Amino acid sequence: MTANPAAKKAAARPGPRADKADGEAAVLAKIAAMPAPYRAMGERLHALILRSAPALQPTVWYGMPGYAKDGKTVCFFRADKKYMTFGFTQEANVTREEGAPHQLIESAWYFTALDGATEAKLSAIVRKVAS
């Protein structure tokens, strides 16, 4: 008797916990590869994002640490030459003002240090885009 190929494929697929662990390991590897001044900020950002929106799933998005909701990346960060950049994608929960046909929406922020005020602002942004 031959095993059902679909059942065999499903059995070989890792479960949600394995996906989250794999995603987190990949994100932590990306953070560990960041230059020294940004590595510590990346570690703090990673913890802040998971603390602010525990439902987000760590993932690597275009080579950067990213965080997904329902399989769609909603926010990310990267170390640039002079700054750390935090941003969100079009999948994030962002609304424009009612009646405004065109509107510029802030979608990325950059910073050179991660102090308490910056952490508080980023935490509020993460909670909003992940909701």
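The residues of region 105-120 that are surrounded by 13 or more Cβ atoms within 10 Å (Cβ to Cβ) and either at positive phi or not hydrophobic (A, V, I, L, M, F, W, C) (or both), listed by number, are Ser107, Tyr110, Thr118, Glu119. Can you tell me which residues in region 50-63 are aliphatic (A, V, I, L, M) and over 14 Å from Gly23 (Cα atoms)? Matches in region 50-63: Ala53 only.
For region 65-98, a residue qualifies if it is within 18 Å of Thr112 (Cα to Cα), hydrophobic (A, V, I, L, M, F, W, C) and touching a Gly at 6+ places or on another chain (Cβ under 9 Å), and the qualifying residues are Phe76, Phe77, Ala79, Met84. For region 31-47, the count of residues that are touching a residue at least 12 places away in the same chain (Cβ under 8 Å), closer than 18 Å to Thr112 by Cβ and assigned to a loop (DSSP other than H, G, I, E, B) is nonzero.
Rule-based calculations on the coordinates, nothing more; no lab input. These figures come from a predicted structure and were not determined experimentally. Backbone-built Cβ (ideal geometry, glycine too); neighbour counts: all protein chains shown.
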